[in-house]
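Participant: Have a look at this one before I ask anything.
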Amino acid sequence: MRTRVSDQVAGTGRHRSRPFRIGAWLLVALAGGAQAVSLAWPFAFGLARGTPLWWLQLLSLGVLAWQLDRCRAGSQWRRAAALGWLFASIWLAGTFWWLFISMHTYGGMPAILAALAVAALAAALALYYGAACAAFVALVPVSTALSATVFASVWLLAELARGVWFTGFPWGAGGYAQVDALAVFASVVGVYGVGWIAAWLAYLVAGWQRQPFVAHKWSLVLLVIPFALLIALARQTWSTAAGRLSVTLLQGNIPQEEKFQPGSGIELALRWYGEWLQAAHTALVVAPETAIPLLAQQLPDGYWAGLQQRFARPGPSGPQAALIGIPLGDPQHGYTNSAVGLAPGRVTPYRYDKHHLVPFGEFIPPMFRWFTGMMNIPLGDFKRGAVGQPSFSVDGQRLAPNICYEDLFGEELGVRFLDAAQAPTIFVNMSNIAWFGNTVAIDQHLEISRMRALEFERPVIRATNTGATAIIDWRGHVTRALPRYTRGLLVGEVQGRDGITPYAWWVSRFGLWPLWGLALLVVAVALRQRRRTGLASEGP
């Protein structure tokens, strides 16, 4: 009888469990939606559109941590898995819902199928987080000094798995919401490390009021030394100024539904980009991804040769260079999504081939041609470029191009920093995300570029079709930007940087393995403690 009453009071009995469970599911669902909103404010009221809300990211993750703690009574790991999966499913669907636009609006896929595809992707990726939450409850059945550390570590493992496995899709990782706050640590630990710190703090905040201070004091003591070291490192400046470069960034605003259409978008792109590539007067002019929407051999007679001649000789104000997005290749050798660099003194043009291709957009995974067959989009199987391709030298600067969402993979960009003498001084992102309409995808991508600037202490210049075309300094601040969905030129100066941040040093040598290793080490310690606790409870 006593057990029955206590179960009812705790909310786990027959009469009290249903309201508690429904309330928990609703609360976690709302928290998942808040996590999505925290990455970039999507609305046109209250705050500036695109603003990252670091405090909301901590609060929403803290709500999940609070509910997971309630699952630890009786080690309800299955329920923890379900709550974690629900949180992540809503968070991820709310983050990249705009994939629906590319499939339905521009691809012609029936709306219901496009919506189901987005939901299925979010639900599949959410399995990583469900597994992480189940592992947390199973590993830490009662509150210990390691609770916050274990929670942050299993959450990190889920983030890493989503970002790496099956080509990886880390868009919307929690660390990006911290670009104006905890990202001060990015130059040391990178965006995934920032996400670990955020998860650790979220757990502590969630548990501060319901548990006595003693429950966390050893966790704080154990982490005070490494955190003090981390803060000291984060306060350092690891790069030095390396000259300035004048740039012109072109934003053509070619309608996506016309971009690859003869008689409309193709002619408009060739005319507009051709005119401004010829007329630019800065040391560098950049045209975005597939600004030239045809293969070189398909261009009108004299078009490509005219551009090559234009940049083979110095302009009125000195040597000039261009970086132009264009597809390259032929049926025999395959095709690439590329950037071509033209500059005086080059025997052959500079070439960068996109390495990290978009599944279903630039390559079709095995057994999925039936899916892409339902969309009317110019898709194809592109060839991958190598990781760590050489930089494009312009006026004393080493430019490292990346195309579309390649700047989402900092560990791949980091390979360029293995040799400090050849490390890039400026990142150049060339994108066309008009596939996703005038949505929060533009703001989210801008935050991704800002995070890369902070990790490597390098400026990032972005030339895009519809936005965000911008200049980002080495501290992650947007110094100049064009309004989205306008046709225009962004002219400015960017200061290059030399030097290697701690993050650039270790990620260039070891990739993300140090984070995998540290997180797995924490899990191993927790598992060992769990087994010891189990043996002690059994007695002799």
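The values are calculated or read from the model by the stated rules, or taken from the named source; none is laboratory data. Note that the structure is a prediction, hence the values are computed from the model and not measured. Cβ sites come from the backbone with ideal geometry, for glycine too, and all protein chains shown count toward neighbours. Calculation scope for accessible area: heavy atoms of the full protein, side chains included, ligands and nucleic acids excluded. Shrake-Rupley method; radii C 1.70, N 1.55, O 1.52, S 1.80 Å.
Participant: In nm, to one decimal, how far is the modelled label at Tyr303 from the one at Arg235, with both set 7 Å along Cα→Cβ?
Facilitator: 5.7
Participant: Another question about this same structure. For the range 89-166 and the range 30-51, write down the distance between their C-alpha centroids in whole Å.
Facilitator: 18
Participant: Spelling out what I want: for every residue of the range 463-475, take phi, set θ = phi - 60°, compute 6.51 cos²θ - 1.76 cosθ + 1.60 (Karplus), and round to whole Hz; glycine and proline get x.
Facilitator: Per residue, the Karplus-derived 3J(HN,Hα) values read 10, 10, 6, 10, x, 8, 7, 7, 10, 10, 7, 5, 9 Hz.
Participant: Now for a different question. Taking 0.36 nm per residue of separation and subtracting the Cα-Cα distance, what length does fully extending Glu275 through Val142 add?
Facilitator: Extra length from Glu275 to Val142 when fully extended: 41.1 nm.
Participant: I've got another one for you. Sum up the charges of everything whose Cβ sits under 13 Å from the Cβ of Asp419, counting Lys and Arg as +1 and Asp and Glu as -1, but leave Asp419 out.
Facilitator: Charge balance in the 13 Å sphere: +2.
Participant: Based on the Cβ-Cβ distance of Asp330 and Trp513, what FRET efficiency does E = 1/(1 + (r/R0)^6) give at R0 = 35 Å, to the nearest 0.05?
Facilitator: So, using R0 = 35 Å, E works out to roughly 0.35.
Participant: Tell me which residues come under 5 Å, amide H to amide H, from Val285 once H is placed; ignore anything under 5 positions away on its chain.
Facilitator: Result for Val285 returns Thr248, Ala321, Ala322, Leu323.
Participant: While we're here: How would the range 143-182 be classified by its alpha-carbon gyration tensor: rounded, prolate or oblate, with rounded meaning a/c under 1.5 and the a/b versus b/c comparison settling the rest?
Facilitator: It is oblate, given that a/c is not under 1.5 and a/b is not larger than b/c.
Participant: Residue by residue, what Karplus-based ³J(HN,Hα) values in Hz, rounded to whole numbers, does the range 292-300 have, using 6.51, -1.76 and 1.60 with θ = phi - 60° and x for Gly and Pro?
Facilitator: Those phi angles translate into 8, x, 10, 5, 4, 6, 9, 6, x Hz.
Participant: Sticking with this structure for a sec: Hey, how many Å between the Cα centroid of the range 69-84 and the Cα centroid of the range 448-512?
Facilitator: Cα centroid of the range 69-84 versus Cα centroid of the range 448-512: 41 Å apart.
Participant: Modelled label-to-label distance, Tyr485 and Ala421, 7 Å Cα→beta-carbon offset: nm?
Facilitator: Spacing of the two 7 Å Cα→Cβ label points: 5.0 nm.
Participant: Here's a follow-up. Counting DSSP beta bridges with both partners in the chain, what percentage is antiparallel, nearest 5?
Facilitator: Within the chain, antiparallel bridges account for around 65 percent of the total.
Participant: Then there is this: Leaving out ligands and nucleic acids, note down the accessible area per residue over the chain with a 1.4 angstrom probe, in whole Å².
Facilitator: 42
Participant: Multiplying the sequence separation of Thr533 and Ala111 by 0.36 nm and subtracting their Cα-Cα distance, what value in nm do you get?
Facilitator: The Thr533-Ala111 span can extend by a further 146.7 nm.
Participant: Same structure again: Rank these by accessible area, largest first, 1.4 Å probe: Ser246, Ser317.
Facilitator: Highest to lowest solvent-accessible surface, that is Ser317, Ser246.
Participant: Which length gain, in nm to one decimal place, applies between Thr348 and Phe227 when the Cα-Cα distance is subtracted from 0.36 nm times their residue separation?
Facilitator: Extra length available between Thr348 and Phe227 comes to 38.6 nm.
Participant: Please give the Cα centre distance for the range 233-284 versus the range 288-334, rounded to the nearest Å.
Facilitator: Cα centroid to Cα centroid, the span is 13 Å.
Participant: Another question about this same structure. Could you check how much of the accessible area of the range 475-516 is carbon and sulfur, as a whole percent, using a 1.4 Å probe?
Facilitator: 57
Participant: Extending each Cα 7 Å along its Cβ direction at Trp165 and Ala73, get the distance between those two points in nm, one decimal.
Facilitator: The modelled label-to-label distance comes out at 3.3 nm.
Participant: Further question on the same structure: Would you pull out the residues with amide H under 5 Å of Val394's amide H, same chain only if 5 or more places away, H placed 1.01 Å from N?
Facilitator: It is Leu399, by chain and number.
Participant: Within the chain, which DSSP H helices have Cα atoms that stretch 20 Å or more along the helix axis and a mean Kyte-Doolittle hydropathy of at least 0.5?
Facilitator: Membrane-span-like by this criterion, though nothing is claimed about a membrane: 17-39, 54-71, 77-95, 111-139, 147-164, 186-208, 214-234.
Participant: Something else: Which one of Leu125, Pro262, Gln298 has its Cα pushed farthest toward the positive end of the charge dipole of the chain, where Lys and Arg give +1 and Asp and Glu give -1 at the Cβ?
Facilitator: Of the options given, the answer is Leu125.
Participant: When N is the residue count of the chain, what does its C-alpha Rg come to as a fraction of 2.2 N^0.38 Å?
Facilitator: Compared with the compact-globule rule of thumb, the chain sits at 1.05.
Participant: Sequence-distant or interchain residues sharing an amide H contact under 5 Å with Gly385, placed H: which?
Facilitator: Counting only residues 5 or more places away or on other chains, the set is Lys354, His355.
Participant: Through the Karplus equation 6.51 cos²θ - 1.76 cosθ + 1.60, θ set to phi - 60°, convert the phi angles of the range 173-181 into ³J(HN,Hα) values in whole Hz; use x for Gly and Pro.
Facilitator: Karplus values, whole Hz, x for Gly and Pro: 4, x, x, 5, 5, 9, 4, 9, 9.
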